[in-house]
1. Evaluate the relative contact order of segment A:213-326 (contact order divided by residue number), counting alpha-carbon pairs under 8 angstrom at least 6 apart; express in whole percent.
2. Pick from A:T231, A:T294, A:T57: which is most flexible by mean-square fluctuation in a GNM of chain A where alpha carbon atoms under 10 Å apart are linked?
3. Rounded to the nearest 10 degrees, what's the angle between the helix B:35-50 long axis and the longest principal axis of chain B, both from Cα atoms, 0 to 90?
4. With the solvent-accessible surface defined on protein heavy atoms using a 1.4 Å probe, which residues belonging to segment A:261-285 display a reduction of at least 40 Å² in accessible area in the multichain context relative to the isolated chain?
5. When chain A is modelled as a GNM with alpha-carbon springs shorter than 10 Å, which of A:S378, A:S329, A:S56 fluctuates the most?
6. When the Cα centres of segment A:337-400 and segment B:357-398 are compared, how far apart do they sit, in Å?
7. Using only protein heavy atoms and a 1.4 angstrom probe, determine the accessible area buried between A and B, summed over both sides, in Å² to the nearest 100.
8. Relative to the longest principal axis of the C-alpha atoms of chain A, give the angle of the C-alpha long axis of helix A:239-257, reported between 0 and 90° and rounded to the nearest 10°.
Protein chains: 2
Amino acid sequence: MEAHGERLHAADILSQLAAIGLEPDGGITRLLYDPAWRQAQQAVARIMGEAGLSVSTDAIGNVYGKLEGTDRDAPSFVTGSHIDSVRFGGQYDGALGIAAGIAALSKLKQSFGQPRRTLEVVSFCEEEGSRFPLAYWGSGNVTGCKPFAGSLEAADAQGVSLREAMAGAGYDPSAHRDCRRTDIEAFVELHIEQGAVLEREQREIGIVNAIFGQRRYFVDVEGRSDHAGTTPMQMREDALAAAAEMIVRLRKAALETGDGLVATVGMLEVSPGIANVIPGNVRFSLDIRHREETAIEDFCDRTFLSFSAIAAQHRVTARYTCWLSELPSPPMDAELRERLARICDASGYAHLEISSGAGHDAGLFARICKAAMIFVPSRGGISHSPLEYTAPEEIERGCDVLTQLLYQLAYGEEGL
Amino acid sequence: MEAHGERLHAADILSQLAAIGLEPDGGITRLLYDPAWRQAQQAVARIMGEAGLSVSTDAIGNVYGKLEGTDRDAPSFVTGSHIDSVRFGGQYDGALGIAAGIAALSKLKQSFGQPRRTLEVVSFCEEEGSRFPLAYWGSGNVTGCKPFAGSLEAADAQGVSLREAMAGAGYDPSAHRDCRRTDIEAFVELHIEQGAVLEREQREIGIVNAIFGQRRYFVDVEGRSDHAGTTPMQMREDALAAAAEMIVRLRKAALETGDGLVATVGMLEVSPGIANVIPGNVRFSLDIRHREETAIEDFCDRTFLSFSAIAAQHRVTARYTCWLSELPSPPMDAELRERLARICDASGYAHLEISSGAGHDAGLFARICKAAMIFVPSRGGISHSPLEYTAPEEIERGCDVLTQLLYQLAYGEEGL
């Protein structure tokens with residue numbers, strides 16, 4: 001599509017947002033309801049207004065920009081992503097989907113005027129879980145998919161409760177369930193891949209077919225601290241030697257299982273952690289992801305069986321504590337995926353179907369309506385880092401695909 | 001041997017010392033030249049005096065108690081150990097050898113009067129290296145085996161230099177080489193085993209044949225931090241997965257090598273250390289000990305070859321930094337070991353020959369004179385902990401063996 005007249009570009013919007021919450025070292029930190037967050041949502045609202053959209057903010061701080069259709073009673077097509085970041089994150093994760101959505105609606109309005117069906121772009125208040133120990137505070141409340149029971153009392157690292165943080169930012173903590181939406185026909189999210197598959201495969205667009213579920217555990221291995229010099233190898237109850245064997249086994253099992261399953265030990269702590277003392281205790285984290293819950297379940301069962309056998313061989317014990325369990329999302333909508341593939345083909349964009357190992361707002365929408373996700377490449381697969389980078393032309397291509405899809409949905413004769 | 005009249009008992013002396021440097025949690029902390037250390041050496045000097053020994057303190061704070069022999073020109077037989085402790089250590093490590101030495105000389109003097117050859121008991125000022133980054137400040141200076149070049153400028157955790165600490169405790173920092181002794185014929189040390197071999201083998205006395213050498217390294221593994229969800233298993237450069245395989249390999253190699261070699265990874269740190277991030281960097285410690293330097297050398301060479309091969313398979317790099325290298329001591333004196341075995345047999349004490357995986361003051365004396373070590377059991381093999389425990393009857397047996405040996409050396413007709 002060609003632009004008619006001046007319009008907002010995704011890369012420009014992104015630059016404006018990237019100046020908010022910028023740390024001295026180049027990282028971006030925008031945590032739910034903190035000053036940088038408020039400034040960012042205000043900027044989003046202002047830019048939406050400049051794009052000619054009707055702007056509103058809901059009870060928890062999600063910001064919407066609406067381009068109302070002539071068919072006022074029909075449900076909306078919504079695009080967008082989240083405005084919050086991890087601590088010292090990059091400028092693309094989340095913000096790019098908002099910038100692309102505003103740019104798309106801006107272009108559609110300027111080029112084609114009022115659509116038949118209502119289009120909206122949303123800037124969700126929270127997805128990362130980086131201030132409070134909860135994630136998807138935005139899309140979880142909008143979809144009603146997350147119960148969030150007792151969440152208002154959750155506290156951040158400084159001991160401030162979510163309730164206090166909401167009130168401090170001018171929101172009514174008791175009203176968080178008011179932002180639920182049941183009038184959305186489809187949700188489409190553009191996001192950086194956060195992995196290196198597109199880059200490695202030299203593709204420009206990823207069409208997401210599934211969003212992985214995940215489980216996280218702590219594994220606590222308890223052996224016995226002994227003197228490293230005076231305890232013969234055969235007499236040891238070395239918690240780290242056992243943990244190391246578990247980690248080796250885990251990786252082997254994940255590679256053998258294949259089918260996209262990933263298993264990661266990201267955190268490991270040794271106690272007492274002294275060079276000349278045999279470790280008595282080790283705690284390590286386990287992060288297991290797959291697009292099917294039964295595969296996760298089965299892999300965890302087999303893993304813990306093998307871990308317990310390793311523990312017995314080392315005369316140590318192992319305990320497993322699940323502290324996060326996220327179901328895989330239902331598959332992304334097949335018809336939307338087909339449309340995206342046809343758009344890419346027609347536009348000459350190299351594309352592939354891809355699973356998302358990271359969670360996304362679109363995963364929650366897949367439970368209540370049609371959902372789709374467009375991935376653009378992440379240089380080096382890097383995300384959650386100031387080094388996140390997606391080239392302007394890659395952004396432009398992703399934005400074009402999004403715009404074409406929204407055009408088909410809201411202006412096309414056929415609808416979905 | 002039967003006691004004639006009242007005499008000092010090792011367990012009683014030990015109890016007196018155990019009250020000095022006692023922490024609220026039951027641990028004992030006596031660090032070189034600190035107030036608890038000074039109090040302990042003053043107590044040692046007082047108890048030596050009560051035992052009828054001539055007491056002296058050398059230029060760095062080693063305290064000697066002497067029972068002079070009729071043959072004044074002959075070199076001395078010396079027993080003893082170190083008064084300092086690790087932080088939150090136990091009451092036996094070090095102090096027991098001093099207490100046993102005083103008790104032995106007390107008993108010999110009371111029972112048999114002046115010996116033919118001079119006997120001495122020494123309370124070394126330092127062995128553990130727990131305040132300053134140097135160990136054997138006591139026996140290293142007495143034997144002249146440690147160059148200690150530049151050591152006076154070594155600083156403790158608070159930034160206080162050894163020079164300042166010495167001056168603060170009333171010692172002349174420039175005089176530390178004055179305490180060298182060249183008039184010692186044999187050094188005999190009684191010590192807790194710090195391992196569980198005697199306990200497991202149900203022996204009452206360990207006769208040490210060798211003191212292990214050791215090397216300590218840091219191994220730095222560098223891979224690449226990536227998102228745990230979006231990076232397929234095959235694309236990872238996981239520093240922890242590589243480190244785990246190294247640790248498994250290390251243990252296997254140590255078990256296969258056998259011959260008493262011990263290899264330990266006591267410390268391991270993961271960076272960034274977050275559950276959902278693939279570890280980019282891992283640093284772990286490596287502690288390798290054996291009674292022969294060539295065996296250590298050979299094992300390290302083979303280990304690093306295999307580590308580098310593992311690193312290559314994981315597309316990560318590994319660097320090895322040696323930060324401590326202690327040569328094995330020469331073997332303990334064969335004739336003294338034979339005497340000890342005969343004493344045990346005659347007294348009905350179950351004994352065995354044992355290697356010491358931990359370093360000891362006796363290891364330095366083995367370089368300049370005859371040396372021997374007597375081990376008594378450590379309950380559960382525990383040491384460097386408030387849980388250190390050796391039963392009074394086990395102490396009594398060890399002390400009796402020491403006393404009998406010193407009797408043979410100093411009062412016997414044959415001498416050594």
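The values are calculated or read from the model by the stated rules, or taken from the named source; none is laboratory data. Keep in mind it's a predicted model, so treat the numbers as computed, not measured. Here the Cβ is made from the backbone with ideal geometry for all residues, glycine too, and neighbour counts use every protein chain on show. Each accessible area value is taken on the protein alone, full model and side chains, heavy atoms only, with ligands, DNA and RNA left out. Shrake-Rupley method; radii C 1.70, N 1.55, O 1.52, S 1.80 Å.
1. It comes to 47 percent, rounded to a whole number.
2. Result for chain A, Cα springs under 10 Å: A:T231 fluctuates most.
3. 30
4. By number: A:V262, A:T264, A:G266, A:L268, A:A275, A:N276.
5. Judging by the Gaussian network model, the answer is A:S56.
6. Taking the Cα centre of segment B:357-398 as reference, the centre of segment A:337-400 is 66 Å away.
7. Chain pair A/B: roughly 4300 Å² of buried accessible area.
8. 50
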